[in-house]
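Inspection log for the structure reproduced underneath, given as structure tokens.
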Amino acid sequence: MEPKMIDKRNFYINGSWVKPLVENDLEVIDPATEEACAIISLGAKADLDLAVKAAKDSFDSWAATPVNERRALIVKLGEIMKERLSELGEAISLEMGAPIDLAANDQAGVGAWHLKGFLKALDNFEWEKPFQDGQTIIREPIGVCGLITPWNWPINQITLKVIPALATGCTCVLKPSEIAPLSAMLFAEFVDQAGFPKGVFNLVNGDGAGVGEAMSSHPDIDMMSFTGSTRAGALVTKGAADTVKRVTLELGGKSPNIIFADCDLEKMVTGGVEHCMENTGQSCNSPTRMLVEESVYEQAVSIAKIAAENVKVGNPREKGSHIGPLVSQMQYDKVQALIEVGIKEGARLVTGGLGRPEGFNRGYFVRPTVFADVTPDMTIYKEEIFGPVLSMIAFDGSEDEAVRLGNDTPYGLAAYLSTDDKEKGDRVGRRLRAGMVRVNRKGLGMGHPFGGYKQSGNGREGGAWGLEDFTEVKILSQ
């Protein structure tokens, strides 16, 4: 008996589930089987116009709603997210291929974690403060916000955009990725169940050409918040230029992972490989360039080989710590092409390579791959692969060379370094041009700012910084 096709063709506009004005069905593909698992509708500008009107009409009353009332609704939303966590995890696993344990614990669970961080920041947020001579600095919601989220960490990014928008008194229209929309549709159900006023949150499915471009240029959208590729982020910025709306971007990365010889080599190299492979390498902050001090380089390559070969590939429906498939045929073809380019350009293939792992004849599964002897002129050194592919590079051991290579990228989202010398870690960390620097794999605290330098975007998501991005600053003199 074939599994029942999930029907999610309606949009959530002005507090109701409504049909698209013109039918335009799209199948959602299960990346583990390459078969359709759900059907959605791709919206158009006319659908977006209805959602924007609903958001605009509800803005004044929502902006005037006391903060404690907005907070109470967000708390309720968080409770619902926790209650329906397994449902959310199953949707993420199905739509983008994340193994069920990762999908439920990390992919779905991170939403409630970020929400809690926003609540903490909201409780300490300074809405007004005296300036001088009786003047007051006031923060106010920016208005109607267009939110575009990606497929790789869907609930993570939805939470990082929707929660601060609603908390600050903005109203919004969300366009999730059409590749992985099912978790976003569940999120809309959660918002509805929590009892938010009509029009405050709206969801319209669609692709970049049909809805994304219309959002960027829409005269009644005051702000665009986009997460995705750097190429698409540039298009959003260009589309927003004529209406001079605020644009915040969280884009690509090619993050360095600097391994000094004085660290716990086994632990840090193994951890770096595992982090690179996590989520099948489909994370913008993944440490994909491992820069290793030359005195321990070959030892690190051997450790990386073993670590990558210990990364299991498996069915996303099965419990365990394996990785799943890539999200789509397009992503699979891109990763395969870049692995092939790495081989042709002369990088040393340590393990992995082209084709599916042994035991798989369908699904977008790939082999965990490690390249050594990668040089700065190679494509795999420069381009974001977005798959479980690690590039290893030797450096002379000096801090200057480590920093030079670490910063040798148009991106600047994250950076990692390992050393047992605390002062060296501090010195090098301060010189790396990235929005998030982690020494010895130390984690980041709740409510931390997420975002990057250079072509990794602008603005910061999470905590107080995420709230600030959705506000305007006014000075009142009287």
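The values are calculated or read from the model by the stated rules, or taken from the named source; none is laboratory data. For clarity, every value in this text was computed on a predicted model and none was experimentally measured. Backbone-built Cβ (ideal geometry, glycine too); neighbour counts: all protein chains shown. All accessible areas refer to the heavy atoms of the entire protein, side chains included, with ligands and DNA or RNA removed. Shrake-Rupley method; radii C 1.70, N 1.55, O 1.52, S 1.80 Å.
Observations
- Selection from the range 19-43 of residues that are at pLDDT 95 or above, open to solvent by 50 Å² or more (accessible area, probe 1.4 Å) and either polar (S, T, N, Q) or more than 24 Å from the chain's Cα centre (by Cα) (or both): LYS19, LEU21, VAL22, ASN24, ASP25, GLU35
- Residue match in the range 93-100 (condition: in contact (Cβ under 8 Å) with a residue 24 or more places away in the chain, open to solvent by 10 Å² or more (accessible area, probe 1.4 Å), small (Gly, Ala, Ser) and part of a helix (DSSP H, G or I)): no
- Within the range 405-462, the set of residues being of a type in the set (Asp, Glu) and open to solvent by 50 Å² or more (accessible area, probe 1.4 Å) comprises ASP408, ASP420, ASP421, GLU423, ASP426.
- Scanning the range 289-323 for residues that are more than 15 Å from PHE260 (Cα to Cα) and touching a Ser or Thr at 6+ places or on another chain (Cβ under 6 Å) turns up LYS305, ALA307, ALA308, GLU309, PRO316, ILE323.
- Qualifying positions in the range 175-191 - out of contact with any Phe, Trp or Tyr (no Cβ under 7 Å at 6 or more places or on another chain) and not small (Gly, Ala, Ser): LYS175, PRO176, GLU178, PRO181, LEU182, MET185, LEU186, PHE187, GLU189, PHE190
- Some residue of the range 218-231 being in a helix (DSSP H, G or I), more than 18 Å from the chain's Cα centre (by Cα) and touching a residue at least 24 places away in the same chain (Cβ under 8 Å): no
- Restricting the range 358-374 to residues that are part of a loop (DSSP other than H, G, I, E, B) and of a type in the set (Gly, Ala, Ser), the residue that is farthest from MET96 (Cα to Cα) is GLY359.
- Answer from GLY363, GLY314, GLY272, GLY355 - the residue that is loosely packed, with under 15 Cβ neighbours inside 10 Å and either of a type outside the set (Val, Ile, Thr) or closer than 24 Å to ALA415 by Cβ (or both): GLY355
- Candidate set: the range 44-66, residues that are assigned to a helix (DSSP H, G or I), of a type in the set (A, V, I, L, M, F, W, C) and touching a Pro at 6+ places or on another chain (Cβ under 8 Å); chosen: the one surrounded by the fewest Cβ atoms within 10 Å (Cβ to Cβ): ALA63
- Qualifying residue in the range 30-42 (condition: touching a residue at least 40 places away in the same chain (Cβ under 8 Å), over 30 Å from GLY359 (Cα atoms), of a type in the set (A, V, I, L, M) and outside any strand (DSSP E or B)): yes
- Among all positions in the range 286-308, there is at least one residue which is open to solvent by 60 Å² or more (accessible area, probe 1.4 Å), within 30 Å of VAL428 (Cβ to Cβ), small (Gly, Ala, Ser) and over 21 Å from the mean Cα position of the chain (by Cα).
- Candidates SER302, SER295 - the one that is out of contact with any Phe, Trp or Tyr (no Cβ under 6 Å at 6 or more places or on another chain), farther than 30 Å from ILE179 by Cα, without any contact (Cβ under 8 Å) to a residue 40 or more places away in the chain and of a type in the set (Ser, Thr, Tyr): SER302
- The range 409-478 holds strands (runs of 3 or more DSSP E) entirely within its bounds, and those carrying 1 or more residues that are under 21 Å from GLU293 (Cβ atoms) and touching a Phe, Trp or Tyr at 6+ places or on another chain (Cβ under 7 Å) map to 414-418, 436-439.
- Of all residue pairs spaced 6 or more apart or on separate chains, those with beta-carbon atoms under 8 Å, a first member in the range 146-165 that is without any contact (Cβ under 8 Å) to a residue 40 or more places away in the chain and a second member that is among the aliphatic types (A, V, I, L, M) and part of a strand (DSSP E or B) are VAL162/LEU147; VAL162/LEU174.
- Yes/no for PHE118 being surrounded by fewer than 24 Cβ atoms within 10 Å (Cβ to Cβ) and in contact with a Leu (Cβ under 9 Å, 6 or more places away or on another chain): no
- Residue under evaluation LEU326, criteria (1) open to solvent by 60 Å² or more (accessible area, probe 1.4 Å); (2) within 26 Å of GLY451 (Cα to Cα), criterion not met: (1)
- Qualifying position, being surrounded by fewer than 21 Cβ atoms within 10 Å (Cβ to Cβ) and in contact with a helix residue (DSSP H, G or I) (Cβ under 8 Å, 6 or more places away or on another chain), among GLY109, GLY169: GLY109
- Among the residues of the range 19-29, those identified as within 30 Å of ASN279 (Cα to Cα) and touching a residue at least 24 places away in the same chain (Cβ under 8 Å) are LEU26, VAL28, ILE29.
- Single condition ASP7 does not satisfy, out of (1) closer than 17 Å to ALA188 by Cβ; (2) surrounded by 18 or more Cβ atoms within 10 Å (Cβ to Cβ); (3) free of Cβ contacts under 8 Å to residues at least 40 places away in the same chain: (2)
- Residues satisfying the stated conditions in the range 215-264, i.e. within 30 Å of ALA372 (Cα to Cα), open to solvent by 20 Å² or more (accessible area, probe 1.4 Å) and of a type outside the set (D, E, K, R): GLY228, SER229, THR230, ALA261
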